[in-house]
Ligand SMILES: [Zn+2]
Ligand SMILES: [Zn+2]
């Protein structure tokens, strides 16, 4: 079984393709289950509004659209679940309205993302006089750890996204091992997941999120993983899954997880499609 648990729809304002097209793409990529995870509506405009996330009044139509698409997807042999990509942020005041939204909807899956490149977080760093790259990276992972401990999320997404979009000039995880391990330990202690996000291979330093060294630590510490393409167009569904599945196996991972109705489901780590074809021939 292959699953892709992170993708967006045009309601976010920066993605293309109807969920049915994502389901078709999943079928063609040999993926059995997808979870749609549009960006959650946020009140504070520093989180980015039009072009980043849907307004709150669109959330009902989002859930309805994914529900209808799920019925079509089922006929295609793909299970489609409805999740949301929620925000992680250090100031609790900005989490309160988000908590109300999370409580009002029965999402299958809630991702926790700290979008370090958003004006919200860049402004937080400025207000708190965090200028040095090393301190920015340490702060980011401490906030991710707090997010993991909050109990709000099922999986912490693209966990080292601070390395992209120019927030810091370089990212060497070995220099931040202690704070990153603290975050990983919070994921383990919270009995939740961390996301392996293959979109990292399409931007910045063209490496998977999180960095392979962080995956070494995660494997050693027993971190459970979800996996997502972060597709913003149907052709990106399942992108780079084969090389990343191979990497995960090399790192010692033997399973993956997804969530239905906020309940964690375990699957065997899928074999790369190439390997499946070879073993059949
Ligand atoms: Zn997006
Ligand atoms: Zn994101």
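Each value in this text was obtained by applying a stated rule to the coordinates, not by laboratory testing. Every value quoted in this text rests on a predicted model; they were computed, and no experiment measured them. Cβ sites come from the backbone with ideal geometry, for glycine too, and all protein chains shown count toward neighbours.
Taken over the range 4-24, residues that are in contact (Cβ under 8 Å) with a residue 60 or more places away in the chain, surrounded by fewer than 24 Cβ atoms within 10 Å (Cβ to Cβ) and more than 16 Å from ligand 2 (Cβ to nearest atom) amount to 4. Just one residue in the set 111, 102, 81 is in contact (Cβ under 8 Å) with a residue 24 or more places away in the chain, within 16 Å of the chain's Cα centre (by Cα) and surrounded by fewer than 23 Cβ atoms within 10 Å (Cβ to Cβ); that residue is 81.
One line per residue, one yes/no per condition, for (1) in contact with a strand residue (DSSP E or B) (Cβ under 7 Å, 6 or more places away or on another chain); (2) within 16 Å of ligand 1 (Cβ to nearest atom); (3) within 27 Å of residue 272 (Cα to Cα):
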position	(1), (2), (3)
3	yes, no, yes
23	yes, no, yes
30	no, no, yes
41	no, yes, no
50	no, yes, no
61	no, no, no
65	no, no, no
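Within the range 111-137, which residues are in a loop (DSSP other than H, G, I, E, B) and within 14 Å of ligand 2 (Cβ to nearest atom)? Residues satisfying the conditions are 114, 115, 116, 117, 118.
Scanning the range 25-38 for residues that are in contact (Cβ under 8 Å) with a residue 60 or more places away in the chain and away from ligand 2 (no atom under 14 Å from the Cβ) returns 25, 26, 29, 30, 31, 33, 34.
Select from the range 151-188 the residues that are over 25 Å from residue 201 (Cβ atoms) and touching a residue at least 12 places away in the same chain (Cβ under 8 Å) and list them in ascending order. 151, 152, 182, 185, 186, 188, listed by residue number.
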